[in-house]
Amino acid sequence: MKKPAKKISALFILVAGISLLGAFGLAQEKPLTVAEQSQFKATSRHADVMTFVRTLQRLSPYLRVETLATSTEGREVPLLVIGNPLPLPPASLRQSNRGIIYIQANIHAGEVEGKEASLMLARDILLSPELPYLDKLILLIAPIFNADGNERISPESRKHQGGPEQGVGVRHNGQNLDLNRDSIKLESPELRGLLENVLLRWDPLLLVDCHTTNGAYHQEVVTYSWGLNPNGDGAILAYQRDRMMPEIEANLEKKYDTPAVGYGGFRDFRAPEKGWETFEPQPRYLTNYIGLRNRFSILDENYVYADFRSRVRGNYNFLRAILDYCAAHLEEIERLVAEADRKAILKGINPSEKENFFVEYEVLPLKNPVTIHAYETEVIPRGEGQRPEIRATDKVNVQTVPYYSDWVGKRSVRFPYAYVLGVPDSEILAKLRQHGLLVEKLAEAATLEVEAFRVKEIKSAERAYQGHHLNQVKGEYAVETKLFPAGTLIIPTAQPLGGLAAYLLEPESDDGLLVWNFFDRYIIPQWSRELQTYPVYKLVRPVNLAREVIR
Ligand SMILES: [Zn+2]
């Protein structure tokens, strides 16, 4: 009896030894993220991310690491470029027959599963012999967009969130700014880096921005949105809303066993039948901003009360379902983007009176209702003067209700041929250039008939928001004939970003530079009580002018 037993244990040791070798070999081939190593109790620090990325580089020839930005506190924000072969400088991309997809995570550094999921995704693509997606796509991944916020990891952050128990970072960056409110004013190195080193350098077809939700209670681990602003390209917006996202959602459920639902919250939690509603359409939110640039964008919001492992898995599966879709529909996506740019240019060449720019919106329900696997909630009163706490019960409450996520224009103004900047303000010029707008200057003085906006009222919010006192203005439009000196800046709308130019410069734009205080000193005089005319004039009709491009 003893001998065979010995044989078995010798065999066991051999097998164990081989599997140990195998495990070691696997560990060499497949580095694990901090989330995976810690059984989803912890998330990666900046140094962990950099180590992981360097390890991937040692294992794969298909990864290059660029710098997206240097944070306020001096950290490198890495941009992973993944392609087979690795793409040459951006100018050659148009001939490469591959689409560029940009995945960004950790813009709010308490919402960390995208960081782990995007690193896992990079690894699994690079180390898979089939190199999935890379015949069709070039991937850009920024796993740790808000590096400074990430380094403030503490179990005290987002305590309501389902882990990781060893803590997460904070929402804001090193300047105390919310980076998902900075797309218009571009005050952070992260957003300026995104513009310069991703959007203008690589011009991705699609941006995916990964977050964690904050509010509603439901079973779906993944929620999502698309670029919501109706001033963006209507065809891309409708395609994302009606075709792309429903198909990705269905595939996510069928192929990856991950239920998803459009992002939102109940309009009235006491009466869920009134509908499920998405968020605001302003382009200060990054995904809405990308829509204004005529590109595809997807907001990923993972369910805050799901445990960390489930959130990482959900986020990972969502990214795969998105890439599945993009690889299968690349030509369609590219055609829509090219068409959107072409339409934008045509719109500005000779804008008719019908060309509108929306300055007020309303949200309407989609044609089809949405089904949410919600939980019944209970209302727990708190102390006097405090809002009651809303807490979920275990009872599932399936609701099929209208989905208010179709923002449409309610009031519009005329879309012009060009904007004329009546003040030589280098800060405003720099801002326009950072966004990638074509700006020209008059080569000689010109007398022009323009539309002026005479400000009658300007209300600045009392409470500071992102370091600003946001403005609301009222005024009247008037036709004026004005002499503009040589050197006056002209922003033509006949450019792919013509809609963005209008958003930044229209006086009544709800998220333009006027709102963000760039023009306060011109509008509000210090020496009299009378408000001044807004110093951006609209050239309504085309006019030929001697002008040169600002470099
Ligand atoms: Zn967020």
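Given the criterion open to solvent by less than 20 Å² (accessible area, probe 1.4 Å) and either more than 15 Å from the ligand (Cβ to nearest atom) or of a type in the set (D, E, K, R) (or both), identify the matching residue among I141, I107.
I141
So which residues in the range 190-202 are surrounded by 19 or more Cβ atoms within 10 Å (Cβ to Cβ) and out of contact with any helix residue (DSSP H, G or I) (no Cβ under 9 Å at 6 or more places or on another chain), if there are any at all?
G193, V198
Considering only residues that are open to solvent by less than 60 Å² (accessible area, probe 1.4 Å) and in a strand (DSSP E or B), which ones fall in the range 67-85?
Matches in the range 67-85: L68, A69, E76, V77, P78, L79, L80, V81, I82.
State which residue pairs qualify: first residue under 14 Å from F296 (Cβ atoms) and in contact (Cβ under 8 Å) with a residue 12 or more places away in the chain and inside the range 95-111, second residue open to solvent by 10 Å² or more (accessible area, probe 1.4 Å) and among the small types (G, A, S) in any location, beta carbons under 9 Å apart, and separation of 6 or more residues or different chains.
Filtered contacts from the range 95-111: G99/A327.
Quick one: would you say E156 is more than 16 Å from the ligand (Cβ to nearest atom), without any contact (Cβ under 8 Å) to a residue 12 or more places away in the chain, open to solvent by 40 Å² or more (accessible area, probe 1.4 Å) and part of a loop (DSSP other than H, G, I, E, B)?
Yes, satisfied.
Report those strands (runs of 3 or more DSSP E) wholly inside the range 188-305 carrying at least 1 residues which are within 16 Å of the ligand (Cβ to nearest atom) and either within 30 Å of N173 (Cα to Cα) or of a type outside the set (A, V, I, L, M, F, W, C) (or both).
So the answer is 206-212, 222-226, 296-302.
In the range 306-322, what count of residues is obtained for those that are open to solvent by 10 Å² or more (accessible area, probe 1.4 Å) and either within 16 Å of the ligand (Cβ to nearest atom) or not hydroxyl-bearing (S, T, Y) (or both)?
6
Is there any pair linking a residue in the range 327-338 that is open to solvent by 40 Å² or more (accessible area, probe 1.4 Å) to one that is of a type outside the set (V, I, T), with Cβ under 7 Å and at least six apart or on different chains, and which?
E334/G99; E334/L205
Okay, residues lined up against (1) under 22 Å from F415 (Cα atoms); (2) part of a loop (DSSP other than H, G, I, E, B); (3) open to solvent by 60 Å² or more (accessible area, probe 1.4 Å); (4) of a type in the set (A, V, I, L, M):
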{"position": "V455", "(1), (2), (3), (4)": "yes, no, no, yes"}
{"position": "A502", "(1), (2), (3), (4)": "yes, no, no, yes"}
{"position": "D511", "(1), (2), (3), (4)": "yes, yes, no, no"}
{"position": "Q526", "(1), (2), (3), (4)": "no, yes, yes, no"}
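List the pairs whose first member sits in the range 212-234 and is small (G, A, S), whose second member is in a loop (DSSP other than H, G, I, E, B), and whose Cβ atoms are under 6 Å apart, counting only residues at least 6 apart or on separate chains?
S225/Y263; S225/T278
Hey, can you tell me all the residues within the range 458-493 that are closer than 14 Å to P535 by Cα, in contact (Cβ under 8 Å) with a residue 40 or more places away in the chain and among the small types (G, A, S)?
Answer for the range 458-493, where residues must be closer than 14 Å to P535 by Cα, in contact (Cβ under 8 Å) with a residue 40 or more places away in the chain and among the small types (G, A, S): just G475.
Any residue in the range 473-494 that is in a helix (DSSP H, G or I), open to solvent by less than 60 Å² (accessible area, probe 1.4 Å), among the small types (G, A, S) and within 20 Å of R293 (Cα to Cα)?
no
Do we have T33 as modelled with pLDDT of 95 or more and either in contact with a Pro (Cβ under 6 Å, 6 or more places away or on another chain) or among the small types (G, A, S) (or both) here?
Spelling it out, it is not the case that T33 is modelled with pLDDT of 95 or more and either in contact with a Pro (Cβ under 6 Å, 6 or more places away or on another chain) or among the small types (G, A, S) (or both).
Just checking, how many residues over the range 174-185 are crowded, with 19+ Cβ neighbours inside 10 Å and away from the ligand (no atom under 16 Å from the Cβ)?
Selection size over the range 174-185: 3.
So, in the range 528-549, how many residues would count as being among the hydrophobic types (A, V, I, L, M, F, W, C) and open to solvent by 30 Å² or more (accessible area, probe 1.4 Å)?
Adding up the residues that qualify gives 5.
Can you tell me which residue in the range 111-128 is nearest to the ligand (Cβ to nearest atom), limited to those that are open to solvent by less than 10 Å² (accessible area, probe 1.4 Å) and outside any helix (DSSP H, G or I)?
Top of the filtered list is E111.
Go through the residues of the range 288-300 one by one and say whether even a single one is open to solvent by 20 Å² or more (accessible area, probe 1.4 Å), farther than 18 Å from A374 by Cβ and not aliphatic (A, V, I, L, M).
yes
Being surrounded by fewer than 16 Cβ atoms within 10 Å (Cβ to Cβ) and of a type in the set (G, A, S), is that true of even one residue in the range 218-230?
No; the residues of the range 218-230 include none that is surrounded by fewer than 16 Cβ atoms within 10 Å (Cβ to Cβ) and of a type in the set (G, A, S).
The values are calculated or read from the model by the stated rules, or taken from the named source; none is laboratory data. Since the model is a prediction, treat every value here as computed from it, not as a measurement. Neighbour counts run over all protein chains shown; Cβ positions are idealised from the backbone, glycine included. Remember, those area values only see protein heavy atoms, side chains included, never the ligands or the DNA or RNA. Shrake-Rupley method; radii C 1.70, N 1.55, O 1.52, S 1.80 Å.
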